[in-house]
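Visitor: Have a look at this one before I ask anything.
The values are calculated or read from the model by the stated rules, or taken from the named source; none is laboratory data. This one's a predicted model, so the numbers in the text were calculated from it and none came from an experiment. Note that each Cβ is placed from the backbone with ideal geometry, even for glycine, and that neighbours are counted across all protein chains shown.
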Amino acid sequence: MSQEVWAFSESDSVANETLAAANEVANAISAKAVMVEVNGESPGKASFGKKLVVRGGAATPESPEAAAEAIFRAAKQAAPLVILVGGTKNGKEVSARLSAKLARGCLSDVSKLSCDGKTLMGERGEYAGKVQTKVAADLPCIAAVKAGSYSPADGKGGEVAELQVGDVQPKARTLSVSRKEAATVDLRAAKVIVSAGRGVKKKEDLSLVQSLARVLGGTMGCSRPLSSDLGWLPEEYHIGLTGLSVKPDLYLAVGISGQLQHVAGIKDSKVIAAINTDREAPIFQAADYGVVGDLYQVLPALEKALASRRR
Amino acid sequence: MKIAVCVKQAVDETELKVGPTGSPILTGAATKVSTFDKNAVEEALRLKSAAGGEVVIVTVGPADARKAMKEALAMGADRGVHVVADTEKMDPMLVSQILAKAIQKTGPYDLTLCSEGSSDTYCGQVPPMLAEYLAQPYAGYARKVEVSGTTSRVERALEDKVEVVECPIPFVASVVSEINEPRYPTLIQIMQASKKPVEEATPDSLGLSGQKPLVRVESMSAQTMNRKRVLIEGTPDEGAAKLVEALAKEGVIPG
């Protein structure tokens, strides 16, 4: 059996994170980390030691169904010890499909991977972030690596191998792909995030939040009701369990009550501050600094205070 | 159109208590219908009202999971299939295998709907695994589902793009919560829900017994929020000044 730890992600940036996780696992068990690409160009992307290009007919890395089938066939031939998939939405699908196809365990959305040569272990947040659960599966196995939990590996060119896996035809046909309207909003990389919640009474008032975000050199985000229920902002702004997980230096929650689902998405922030009229609001339990007050008065006061500091 | 909706009775994360050893108390914990499963039920009811047919709720769980079943039936589903099983030690793979067998046995269905993930553990593995076991096309993270004749058009909401896919019927889809606003059942619907037929099965009766989970839980620990929880009160100007001072000391704002 070849002693390989595979890393795959359809997303270039997440691929290097996944490779970093694979490097760690491979080092722990003296195996080789291999970057896997589906019908990719070769050579190209960052690679540690070895890159494997899986070629399978019409398969594209963007189709999770096709990518899973191509990687499954490759794994049947090459028998890797661990397959790590970057935990994007499509990546989670690829990992679950691989698990079913190979009849091997799959750790979902894990970070802090460790391996003793027999078992792969990882940690995941559950119950809206209330609980940290350590899960394990015996090798060979699969894991979806939580996006953003590893720093991207540095690319070094290495040996490139190709594997033909025959024709792969997905059952679901992609008709079109469109970038989301605000796809440029990259909250994951933001150092400062000022986020709006239900305390904001009208859509127009978001300009207050936006303005403070600008003064702080940050980006605006929001809690679920503003994007999903009210539609004031596109889904890309939604921070929380079913939206984005962020970890800025400063997260400032404006008029956000602090439901568990929201806190789950911000708990890795360095400093959390909150503004809310209700001193009993749960967000204050999740924050380092809480200002009890009306955002309509506190936000302008904050801008003023920031401006006078700079003078 | 015949639609199966997979519903989970989940631990209510808002009510979850922590024991003296720092691990959560799952036994006897308060439960509810997994939050986003209601979006899947709602979508099924919406599709049924447009095209006619039947909505069947499928659940795997202990006898107590009948509560979640009733809630989904009260929303307007027609009947239920309850696979009575102790799911506490099961991994998503075992649950998917049971769901797939129950769906095959009580179907055929044109569409199987799930939510993107359960509100308690949020693994998100069951929907794609179901598609694998049922050998059907799959569209995950759907924010819009349209079915016409023998095919469907599904908008998938991904991180930074929207992908439109075509899936021939029968297929499996998972929905995101932005797809709709789940309805609240009326009192009459809640009362009628207990009279709706629920077929019972067990893993044994489905030909699945003795399966061992491949993913184990090694330990669980409650996350302590190590936050300073400094509460600042006073006039807006005082509050703002104190916050700016504190954030500057933390080194998280410029200047």
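Visitor: Test A:Gly255 against the criterion of being in contact with a His (Cβ under 7 Å, 6 or more places away or on another chain) and more than 9 Å from chain B (Cβ to nearest Cβ), and give yes or no.
Guide: Answer is no for this residue.
Visitor: Within region B:105-156, can you find the residues that are more than 7 Å from every other protein chain (Cβ to nearest Cβ) and of a type in the set (A, V, I, L, M, F, W, C)?
Guide: Correct list: B:Leu111, B:Leu113, B:Cys114, B:Val126, B:Leu130, B:Ala131, B:Leu134, B:Ala135, B:Ala142, B:Val145, B:Val147, B:Val154.
Visitor: Mind checking which residues of region B:99-121 are among the polar types (S, T, N, Q), buried (at least 23 other Cβ atoms within 10 Å of the Cβ) and over 20 Å from B:Ala142 (Cβ atoms)?
Guide: Once the filter is applied, which keeps residues that are among the polar types (S, T, N, Q), buried (at least 23 other Cβ atoms within 10 Å of the Cβ) and over 20 Å from B:Ala142 (Cβ atoms), region B:99-121 yields only B:Thr121.
Visitor: Something else: If a residue counts only when it is at the interface with chain A (Cβ under 7 Å from one of its Cβ atoms) and touching a Ser or Thr at 6+ places or on another chain (Cβ under 7 Å), which strands (runs of 3 or more DSSP E) contained entirely in region B:157-255 have at least 3 such residues?
Guide: The qualifying strands (runs of 3 or more DSSP E) are B:161-168, B:215-222.
Visitor: I've got another one for you. Using the structure shown, decide if B:Lys32 is within 14 Å of chain A (Cβ to nearest Cβ), of a type outside the set (Phe, Trp, Tyr) and within 17 Å of B:Cys114 (Cα to Cα).
Guide: For B:Lys32, the condition - within 14 Å of chain A (Cβ to nearest Cβ), of a type outside the set (Phe, Trp, Tyr) and within 17 Å of B:Cys114 (Cα to Cα) - is met.
Visitor: Moving to a separate point now. Do you know which residues across region A:207-243 are free of Cβ contacts under 8 Å to residues at least 60 places away in the same chain, within 11 Å of chain B (Cβ to nearest Cβ) and out of contact with any Lys or Arg (no Cβ under 8 Å at 6 or more places or on another chain)?
Guide: A:Arg224, A:Ser227, A:Ser228, A:Asp229, A:Gly231
Visitor: Here's something else I'd like to know. Identify, by number, the condition in (1) assigned to a helix (DSSP H, G or I); (2) farther than 19 Å from A:Ala190 by Cβ; (3) under 24 Å from the mean Cα position of the chain (by Cα) that A:Ser227 doesn't meet.
Guide: (2)
Visitor: When you go through A:Val34, A:Val85, A:Val25 one by one, which is the residue that is over 21 Å from A:Glu162 (Cα atoms) and more than 10 Å from chain B (Cβ to nearest Cβ)?
Guide: A:Val25
Visitor: Given the options B:Asp64, B:Asp78, name the one that is more than 18 Å from the chain's Cα centre (by Cα) and more than 19 Å from B:Tyr122 (Cα to Cα).
Guide: None of the other options fit; the residue is B:Asp78.
Visitor: Restricting to region A:85-132, and then to whatever is within 18 Å of the chain's Cα centre (by Cα) and among the hydroxyl-bearing types (Ser, Thr, Tyr), can you tell me which residue is surrounded by the fewest Cβ atoms within 10 Å (Cβ to Cβ)?
Guide: A:Ser111
Visitor: Something else: Select from region A:120-173 the residues that are of a type in the set (Asp, Glu) and over 20 Å from A:Ala70 (Cα atoms) and write down the one among them that is nearest to the other protein chains (Cβ to nearest Cβ).
Guide: A:Glu126
Visitor: Output the residues belonging to region B:149-179 that are among the hydroxyl-bearing types (Ser, Thr, Tyr) and buried (at least 18 other Cβ atoms within 10 Å of the Cβ).
Guide: B:Ser152, B:Ser174, B:Ser177
Visitor: Taking B:Ser49, is it small (Gly, Ala, Ser) and surrounded by fewer than 16 Cβ atoms within 10 Å (Cβ to Cβ)?
Guide: Yes.
Visitor: Moving to a separate point now. Answer yes or no as to whether A:Ala274 is buried (at least 23 other Cβ atoms within 10 Å of the Cβ), at pLDDT 95 or above and either within 11 Å of chain B (Cβ to nearest Cβ) or at positive phi (or both).
Guide: Taking the combined requirement at face value, the residue satisfies it.
Visitor: At least 2 residues that are touching a Gly at 6+ places or on another chain (Cβ under 8 Å) and modelled with pLDDT of 95 or more in each: list the strands (runs of 3 or more DSSP E) lying fully within region B:1-117 that qualify.
Guide: B:2-6, B:54-61, B:79-84
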